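Structure, as structure tokens:
The values are calculated or read from the model by the stated rules, or taken from the named source; none is laboratory data. Given the structure is predicted, the values throughout are model-derived calculations rather than measurements. Positions of Cβ are generated from backbone atoms using ideal geometry, with glycine treated the same way; all protein chains shown enter the neighbour counts. Areas reflect the complete protein model, heavy atoms only, side chains present, ligands, DNA and RNA absent. Shrake-Rupley method; radii C 1.70, N 1.55, O 1.52, S 1.80 Å.
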Amino acid sequence: MTDTVPVADLVDQNCHGILRTELGLGTFEARLTAAPAPAAPGTTFFDTQTGFAVRRWCPPLLGLEAHCPPARYLARRRELGVAETSRRLLRATGVTAHLVDTGLPGDLTGPAEMASAAGSEAREIVRLEVLAEQVADTSGTVDTFLVNLGEAVHTAASSAVAFSSVTRAPDARAAAPEPPGPVRVRAAAGRWLARRDAERRAARRGAVLRGGGRGASAEPELLDHLRWSAVACGLPLQLRLGAGDPACLADFAAATEGHGCDLVLLHGYPYHRQAAALAGRYPHVYADLGTVPARTGARAAGVLAEILELAPFGKLLFSSGARGLPELHLVGARQFREALGRVLGDWVADGAWTRGDAARVAAMIGSGNARRVYGLG
């Protein structure tokens, strides 16, 4: 068997907080994947690569045997409580810095609580769409909203480690290659605020909101304005790709080159090869490895090898992409370490690399690249 290359320090450059509430079997299972609907009748999300990885890595840390039945694991989880379970699992990840995107709804821990539970450094990533919602809550007119929004972006940039935004790659208009003019921005803001107010009035009358009650979908030109405002601040901008091909971001990547803002393409799987190629093409574009190890499980090494074929090693960043469950933080870290160590170990065994070079690249991808991009100590 090939010796693996150890991957020590990790910086989780995109993750989310932990749910503070206890979960039943059905709710826990639903959190294992990003599926928008429950598992089909007669099936379970534990029968996924992520589910098997959770059963492999997590039970021993709670005093159980690996691969124990889900019901037994969750019973032990309830015995220990959310806080102790989270502490045990997060501290076993070996992550020394968590960059926490605070843009998800729900009763999730923030950066300070993550740092305390994990024994790590934690910094905030500000979601632009959520920032716009917060500003709209306290702005009475379109003009006031735009002034306050600009101030909010600059204020956030003084304390956040990065901005993030959700792109809509399937629409083939993920981000505009130039900032929209002020007339178009004001018109887009007016439409969005009006639609947002109408949906809130409908909610008060008991109507069902589109999108699960989380507010009006943003106007594309308002989003473009937000992203270009973030670019001007100089912080890294994380672009969450969703389920689409990142190639549609090529024009935006080309237009932002030289502006002093790094772009980080988040969660590109199953378009990971395209994301890696884009990172290889532009000096300020980076590809995130988040969710690949957890989602692909036993096949993670093969998928990571495909990414390493296309992107320079200094352009790849580890993240767990975990949300809600501490188990996903642990699985992301353990699967990544094992998969990358196996890939690099095979190359050393074949004589393609020296062990010293493999260890150096492992440290770059695990933590060094993130520390450089985000200016971490």
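Connecting C-alpha atoms closer than 10 Å in a GNM of the chain, tell me which of 108, 25, 131 has the biggest fluctuation.
Its mean-square fluctuation being the largest, the pick is 25.
For the residue pair residue 200 and residue 350, what label-to-label distance in nm results when each label sits 7 Å from Cα along the Cα-to-beta-carbon direction?
5.8
Extension gain residue 313-residue 217, at 0.36 nm per residue separation less the Cα-Cα distance, in nm?
Working: separation 96, 0.36 × 96 = 34.56 nm, distance 3.65 nm.
Working it through step by step, the gained length comes to 30.9 nm.
Tell me, what is the per residue accessible area of the chain in Å², probe radius 1.4 Å?
Working: 15840 Å² over 377 residues.
Here the residues of the chain average 42 Å² of exposed surface.
Per DSSP helix of 4 or more residues, -39500 (n - 2.57); summed, then divided by the residues of the chain. What does that give at 222 nm, rounded to the nearest 500? Could you put the intermediate results ahead of the total?
Values: 16 runs with 178 residues, N = 377.
Result for the chain: -14500 deg cm²/dmol, rounded to the nearest 500.
Please work out the FRET efficiency for the pair residue 259 and residue 184, using the Cβ-Cβ distance as r and a Förster radius of 22 Å; give the result to the nearest 0.05. Intermediate values should be presented prior to the final figure.
Values: r = 20 Å, r/R0 = 0.92.
E(calc), rounded to 0.05, equals 0.60.
Using the Kyte-Doolittle scale, which helices in the chain average at least 0.0 and also have C-alpha atoms spread 24 Å or more along the helix axis, with helices defined as whole DSSP H runs? Numbers along the way, then the final one.
On the way: long enough: 182-204 (33 Å, -0.92); 326-349 (34 Å, 0.07).
Long hydrophobic helices here: 326-349.
Are there trypsin sites (Lys or Arg not before Pro) in the stretch 1-71 that DSSP marks as loop and that have at most 13 other Cβ atoms within 10 Å, and which are they?
20
Pop the C-beta distance of residue 66 and residue 112 into the FRET formula with R0 = 30 Å and round what comes out to the nearest 0.05.
On the way: r = 32 Å, r/R0 = 1.08.
Computed FRET efficiency for residue 66 and residue 112 comes out at 0.40.
Under 10 Å, Cα contacts only: if you run a Gaussian network model on the chain, which one of 240, 127, 196 comes out with the highest mean-square fluctuation?
The residue that fluctuates most here is 196.
Distance from the Cα centre of the stretch 323-353 to that of the stretch 66-91, in angstrom?
So the two Cα centres are separated by 23 Å.
Starting from the Cα of residue 104, step 7 Å along the direction of its Cβ; do the same at residue 143; then give the gap between the two resulting points in nm.
Taking the two extended label points, one gets 4.1 nm.
State, to one decimal in nm², a quarter of the convex hull surface area for the C-alpha atoms of the chain, i.e. the direction-averaged projected area. The partial results should precede the final answer.
Details: hull surface 78.1 nm².
For the chain, the mean projected area of the Cα convex hull comes to 19.5 nm².
Please compute the modelled spin-label separation between residue 133 and residue 83, points set 7 Å along Cα→Cβ, answer in nm with one decimal.
With each label placed 7 Å out from Cα toward Cβ, I get 2.8 nm.
How charged is the neighbourhood of residue 286? Take every other residue with its Cβ under 11 Å from the Cβ of residue 286, and add Lys/Arg as +1 and Asp/Glu as -1.
Numbers: positive: 315, 372; negative: 262, 288.
Its environment carries a net charge of 0.
Distance from the Cα centre of the stretch 9-23 to that of the stretch 247-292, in angstrom?
Between the Cα centres of the stretch 9-23 and the stretch 247-292 lies a distance of 23 Å.
Around residue 256, what is the net charge, scoring Lys/Arg as +1 and Asp/Glu as -1 over all other residues with Cβ under 15 Å from its Cβ? The partial results should precede the final answer.
Values: positive: 227, 281; negative: 178, 224, 251, 257, 262.
Once positives and negatives cancel, what remains is -3.
Return the percentage of antiparallel bridges among DSSP beta bridges fully within the chain, rounded to the nearest 5 %. The partial results should precede the final answer.
Numbers: 1 of 27 bridges.
Of those bridges, close to 5 percent are antiparallel.
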